[in-house]
Amino acid sequence: MILILGLSDIPGEAMVKTYCPKCIDVYTPKSSRHHHTDGAYFGTGFPHMLFMVHPEYRPKRPTNQFVPRLYGFKIHSLAYQIQLQAAANFKMPLRSVNLK
């Protein structure tokens, strides 16, 4: 189930977005017709109010969560931070350019 959501209650500030209650995330709609609809028409609380009025529509949370793996081994959560630090410390050597 995908619901419409506005990121701001002030007209003209943000276009409409889609909200996935299963993964609890906001996405930009693929359809170009949504790119011209103001998000303030729906407001920031539409999906949440809907689930307060109709709690039976709220999807169940997934029981299993994706675990990133590389060659079958789980990737440690610090691995990404270590890679970012290594990339920041790495300096590209300047190539000599032949100007003729």
Probe 1.4 Å, accessible area per residue of the chain, Å²: 90
Extension gain (nm, one decimal) between L84 and N64, 0.36 nm per residue minus Cα-Cα: 4.4 nm
Cleavage-rule hits (chymotrypsin sites (Phe, Trp or Tyr not before Pro)) in the chain: DSSP loop, at most 14 neighbouring Cβ within 10 angstrom: F66, Y71, F90
Point-charge dipole on Cβ atoms (K/R +1, D/E -1) for region 3-57, about Cα centre, debye to 20: 240
Value of [θ]222 nm, deg cm²/dmol, for the chain, DSSP H segments ≥ 4, -39500 (n - 2.57) each, nearest 500: -5500 deg cm²/dmol
Cα long-axis angle, helix 79-89 against the chain (0 to 90 degrees, to the nearest 10): 50
Principal axis dimensions, the chain - Cα atoms, whole angstrom, descending: 67, 44, 21
Heavy-atom accessible surface of region 37-79: percent carbon and sulfur, 1.4 Å: 63
Cα gyration tensor shape of region 3-57, rounded if a/c is under 1.5, else prolate or oblate by comparing a/b with b/c: oblate
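The values are calculated or read from the model by the stated rules, or taken from the named source; none is laboratory data. Just so we're clear, the structure is a prediction, and the values are computed from it rather than from any experiment. Here the Cβ is made from the backbone with ideal geometry for all residues, glycine too, and neighbour counts use every protein chain on show. Areas reflect the complete protein model, heavy atoms only, side chains present, ligands, DNA and RNA absent. Shrake-Rupley method; radii C 1.70, N 1.55, O 1.52, S 1.80 Å.
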